[in-house]
Structures are given as structure tokens and as C-alpha cells.
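Just below is one structure, and these are the notes that go with it.
The values are calculated or read from the model by the stated rules, or taken from the named source; none is laboratory data. Computed from a prediction, not measured in an experiment: that's the story for all the values here. Quick reminder, even Gly has a Cβ in these numbers, built from the backbone with ideal geometry, and neighbours come from all protein chains shown.
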Amino acid sequence: MVATRVRVRVPAGRMIPVEHSASGQGRSCSRGKVGLWNMQRTTGLTARQNAYDRLRDLVLTDPSVQGTFLNEVDLVERFGLSRTPIREALIMLASDGLVELITHRGAYVRPSDDRSIRETMEMRTLIELEAARQILASGRAPVRIMSDLLEEQARLVVSPETLPDFISIDQKFHAAMVDAPGNRVMSDFYTRLRVMHVRFGISATWTSPRRPAEVLEEHTRILDALKAGDADAAEAAIRHHIERTQCLLLDDVR
């Protein structure tokens, strides 16, 4: 039997060697290679995502890194990962606006400033007020979801270790209200602001140890207004909540 080697094209343009016998029957002779390639690709993606998640948590939850440079070599040693996923993760963080890549220096974690705080909070206020207006007008306030999240947040014992969880629930509470009208553009824009929400929320809580208790009270006022269908009370509660956070952040950067 005479065997010849030909190449066939598969999706994504990848060429897989196939061995044909004289009888015309062919079989793949590189299935193992393709499987290995897929496994390596998956492993690479997993390592990159792992690096991104850990670096993102570091930048968002550790106020001490603001105003500092993150160095690849130091991060490799700290997290026990290779340089490639660390480098790719830093590029992803730069696209998120969380770091600035500076040649020969590393990734600079720019501290929050007066302008970024004011502009972010201004857009957050506009979106949340519009969301509240729409859900009250349509009677679609997600009261049950927001109530469950508020209860979960109230049960959490806040500490440096659980603070990211507290802020995560906080995000979900506000996102439930913003997502309820079903406006995808509004929800997408709000999601892009979410990264800064985490950073600001943690910074504000570090600034004031009483902040978690205040947040629970402010969330309760927002929820009570939505339950009552009171648009004026909802607007006042949302404005007070965001303005209080903004004041704490601005006091911290001055």
C-alpha cells in the first residue's frame, strides 16, 4: 500500500496533514498535535485570565498601589506566574484605564484625581436617575432583587478581607436598578463605569470606617422610595448616596 501525504484546509485556515492510502481512505495523522495545540492555547488563555483577575484585584482593592509602578519582574515573583501572562494582563488593564504603560518604567497606577472623581460620579448620577425614572414610570422596579442584595450586604461582616465582597454586592444593587428598564446602551455604558465604581467604593470605605453602615442606610432609602413609587424620594436618595461618596473621595485626594 502506497501512502501519500496531502494537506486539507480546516476552519480558521489551519492545515492538518492527512495520510491517504491507495484505496483512497484517509486518516488524520496529527490529531494529537491539534489536541496539544488546543490544550496549550486553553492553558495560555487561562493563565492570562488568572493574571488579569489577580492584578485587577490588586489595583482595585489596594489603595497603597495608587501612584506607584507595577514591575513585571516583581509581579512574576509575587504571583508565581510567567512573564507572558503578566505582560498580557497589564495590557488588558491599560485598555481598562486602570494603569498606564510607560516604557522602561512599568505600569503606572494613576491615583484618583478631582476631575476623574467628579466626572465619573456625574455620569453615574445621570444614569441612575434616568433608570429610576423609567422603572417607576413603567412599574418595573426590581424590588425583590434589590431587597435580597441589601439583605446579603447587611449580613456581611465588613473587614479588609471582605471589603471587595461588600463592594461587589453594592455594584449588583445599583446595576439591578440600571438594568431593569431594558435599555442595553445605558446598561453597557454603566458597566464600563463599573471598574471605577469598585475603585472609588473601596477608597471611600477606607477613608471612613463608618461608610459601610452609611451605605446600608442609603441603600435602604433608595429601596424604600422605589417600593413606594415615590419618584421625588428616589431621586433625593440616589443623589444623596452618590454625593456622599463623592465628598469622601474628594476629601481624600485634597
Note to self: If I go through region 72-101 residue by residue, how many of them are farther than 23 Å from SER203 by Cα and among the polar types (S, T, N, Q)?
What the structure shows: 2
Notebook entry, point to check: What do you reckon, is ARG184 assigned by TED's automatic domain parsing to the domain that holds LEU248, basic (Lys, Arg) and crowded, with 16+ Cβ neighbours inside 10 Å?
Noted result: no
Check: Can you tell me which residue in region 25-75 is nearest to the chain's Cα centre (by Cα), limited to those that are modelled with pLDDT of 85 or more and loosely packed, with under 13 Cβ neighbours inside 10 Å?
Finding: ASP53
Notebook entry, point to check: Which residue pairs have Cβ atoms closer than 6 Å, lie 6 or more positions apart in sequence or on different chains, and pair a first residue in region 213-231 that is over 16 Å from GLN134 (Cβ atoms) and free of Cβ contacts under 8 Å to residues at least 40 places away in the same chain with a second residue that is among the aliphatic types (A, V, I, L, M) and in a helix (DSSP H, G or I)?
Noted result: ARG221/ALA237
Checklist line | Options ILE222, ILE242; residue that is closer than 25 Å to SER147 by Cβ, of a type in the set (Val, Ile, Thr), at pLDDT 90 or above and within 20 Å of the chain's Cα centre (by Cα) | finding: ILE242
Notebook entry, point to check: From the residues in region 217-241 that are among the aliphatic types (A, V, I, L, M) and surrounded by fewer than 18 Cβ atoms within 10 Å (Cβ to Cβ), which one is nearest to VAL178 (Cα to Cα)?
Noted result: ALA231
Note to self: Of all residues being crowded, with 16+ Cβ neighbours inside 10 Å and within 20 Å of the chain's Cα centre (by Cα) in region 147-167, which is farthest from LEU223 (Cα to Cα)? Just the residue, please.
What the structure shows: LEU163
Notebook entry, point to check: Among the residues of region 180-195, is any in a helix (DSSP H, G or I), among the acidic types (Asp, Glu) and modelled with pLDDT of 95 or more?
Noted result: no
Next item on the list: Please enumerate the residues belonging to region 201-210 that are buried (at least 21 other Cβ atoms within 10 Å of the Cβ) and either modelled with pLDDT of 95 or more or not aliphatic (A, V, I, L, M) (or both).
Entry: GLY201, SER203, THR205
Notebook entry, point to check: ARG78 fails exactly one of the following numbered conditions: (1) more than 18 Å from ARG192 (Cα to Cα); (2) crowded, with 18+ Cβ neighbours inside 10 Å. What is the number of that condition?
Noted result: (2)
Check: Which of the following residues is among the small types (Gly, Ala, Ser) and surrounded by fewer than 20 Cβ atoms within 10 Å (Cβ to Cβ): ALA131, ALA94, ALA141?
Finding: ALA94
Next item on the list: Kindly indicate whether LEU156 is of a type in the set (A, V, I, L, M) and touching a residue at least 60 places away in the same chain (Cβ under 8 Å).
Entry: no
